[in-house]
1. Does the stretch 278-322 hold any residues that are more than 25 Å from the chain's Cα centre (by Cα) and in contact (Cβ under 8 Å) with a residue 60 or more places away in the chain, and which are they?
2. Sort out which residues of the stretch 289-333 are of a type in the set (Lys, Arg) and over 14 Å from Thr50 (Cα atoms), and write them in order of number.
3. Would you confirm whether or not the stretch 121-135 contains a residue that is farther than 30 Å from Ala309 by Cα and either at pLDDT 80 or above or among the charged types (D, E, K, R) (or both)?
4. Name the residues in the stretch 113-158 that are surrounded by fewer than 20 Cβ atoms within 10 Å (Cβ to Cβ), of a type in the set (Asp, Glu) and touching a residue at least 40 places away in the same chain (Cβ under 8 Å), would you?
5. Out of the residues in the stretch 187-203 meeting the condition of being out of contact with any strand residue (DSSP E or B) (no Cβ under 8 Å at 6 or more places or on another chain) and within 22 Å of Val13 (Cα to Cα), tell me which one is surrounded by the most Cβ atoms within 10 Å (Cβ to Cβ).
6. Can you tell me how many residues in the stretch 303-321 are surrounded by 18 or more Cβ atoms within 10 Å (Cβ to Cβ) and either of a type in the set (A, V, I, L, M) or closer than 12 Å to Ile270 by Cα (or both)?
Amino acid sequence: MKTFFIYSFGCKVNRFESQLIEQKLNEQGFVKTANLNEADIIIFNSCSVTNMADKECHYYIRKTLKLSHNPKIILTGCMSKTAGLNELYPSLEIVTDKTKLFSDPQKQTIKNFSGRSRAFLKIQDGCNSFCSYCIVPYIRNELWSKPCKVILDEICELNKKGFYEIVLTGIHIGKFKPSIVELLGEIVKIPLNFRVRLSSIDIGEIDDNLINLLQQYPHKICDHLHIPLQSGSDKILRLMNRKYSALEFSKKLLDLKKRFPQICISSDIIVGFPGESDFDNQASLNFIKDHPFSRLHIFRYSDRNSTAASKFSDKVAPEKIKQRSKEFFEIDALKRKEFLKQNLNKESFAVCINGNKALTSNYICISNVEKQEGIFPVIINSQASI
């Protein structure tokens, strides 16, 4: 009996694709193991969005190359396209085209999502936005969208397997064709007990049609939107090649919160982008303080080879980036507390996740919940977290 171990780094898309790889290996008679020392094949599905992601993957590669039973080690994902890996790790099998490890990604339907209580469903791939800091358009530049019927069939299959929350994910789901609104319009018609959550969407892709769907189908579409800001400084947004101003972002955000008082709005912030002055950094801090964010993902800027920003001068010193990021982490902690306080003793709808925990539609985690099937009402208590 052949065994395999698979480890995913980074985003929800990677987790979905790792599930497809696992599915393919199972069909070929392989059995998954959680023990590296038992695995005949070890697969690393890598991420290369930040330097830290690269470093983590290198650490695990070096660790597994020391295993005495000499397993076959495969590296795939974004980092696999880095030059010089063959010389650095001669015994490593590098698969730059991940789709060779599973069937046609545009037609492949996922049958299960092992080890998880929520399922991730990839609906789209590729990005051509070319934000100046991002390596993704250089390594995942082919845009495609999965056919709506395939997605609807996958949702039905996953729901039958007991998944009551399905996260729609992709490299840039706002690029989904014909449109994310049309897809959601078909999904809400499915007469089954489940809900969907959008993984991430840009501010310019949130229009009245999407907002109307959120209002009409609160039990089918989660009241949680992850909307990347990246910076509150117009100067830095232009250098980043983001397609909005701080004012445009502000107007849309405040309108969303007015229409959906309990909505969770999470966001991304990059600290220490090249050319970011103390004034620009303060503009970002002030923007976060003045707007109804519920939680933040904070990234310290790191150069990615081949990107426009990697060639920019006026780099911010690492120590200054570290110092600035502490302020954002402090604000993040306050924002989370404020959001929980606003929702205390209010009713929301949840699905069970790990152990005795439940996740509400607006992304609040509640402990000590009796395990239930489907989507059920909960009262948000003082032990909740986000």
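1. Passing the criteria: only Phe312.
2. Looking only at the stretch 289-333, we keep the residues that are of a type in the set (Lys, Arg), and these are 289, 295, 300, 304, 311, 315, 320, 322, 324, 326.
Of everything in the stretch 289-333, those that are of a type in the set (Lys, Arg) and over 14 Å from Thr50 (Cα atoms) turn out to be Lys289, Arg295, Lys311, Lys315, Lys320, Lys322, Arg324, Lys326.
3. yes
4. Listed by number, the residues that qualify are Asp153, Glu157.
5. Kept after step one, since they are out of contact with any strand residue (DSSP E or B) (no Cβ under 8 Å at 6 or more places or on another chain), are these residues of the stretch 187-203: 189-193, 202-203.
Going one step further and asking which of them are within 22 Å of Val13 (Cα to Cα), we end up with 202-203.
Numbers: Asp202: 17, Ile203: 21.
The residue in question is Ile203.
6. Of all residues in the stretch 303-321, those surrounded by 18 or more Cβ atoms within 10 Å (Cβ to Cβ) come to 304, 307, 309, 316, 321.
Checking the rest, the ones that are also either of a type in the set (A, V, I, L, M) or closer than 12 Å to Ile270 by Cα (or both) come to 309, 316, 321.
Matching residues across the stretch 303-321 total 3.
Rundown of residues vs (1) of a type in the set (Lys, Arg); (2) within 15 Å of Phe16 (Cβ to Cβ); (3) in the same structural domain as Lys72 (by TED's automatic domain parsing); (4) not in a loop (DSSP other than H, G, I, E, B), yes/no style:
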{"site": "Leu121", "(1), (2), (3), (4)": "no, yes, no, yes"}
{"site": "Tyr133", "(1), (2), (3), (4)": "no, no, no, no"}
{"site": "Pro137", "(1), (2), (3), (4)": "no, no, no, yes"}
{"site": "Asp153", "(1), (2), (3), (4)": "no, no, no, yes"}
{"site": "Leu168", "(1), (2), (3), (4)": "no, yes, no, yes"}
{"site": "Pro178", "(1), (2), (3), (4)": "no, no, no, no"}
{"site": "Glu186", "(1), (2), (3), (4)": "no, no, no, yes"}
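The values are calculated or read from the model by the stated rules, or taken from the named source; none is laboratory data. All figures in this text were calculated on a predicted structure; none of them were measured in a lab. Backbone-built Cβ (ideal geometry, glycine too); neighbour counts: all protein chains shown.
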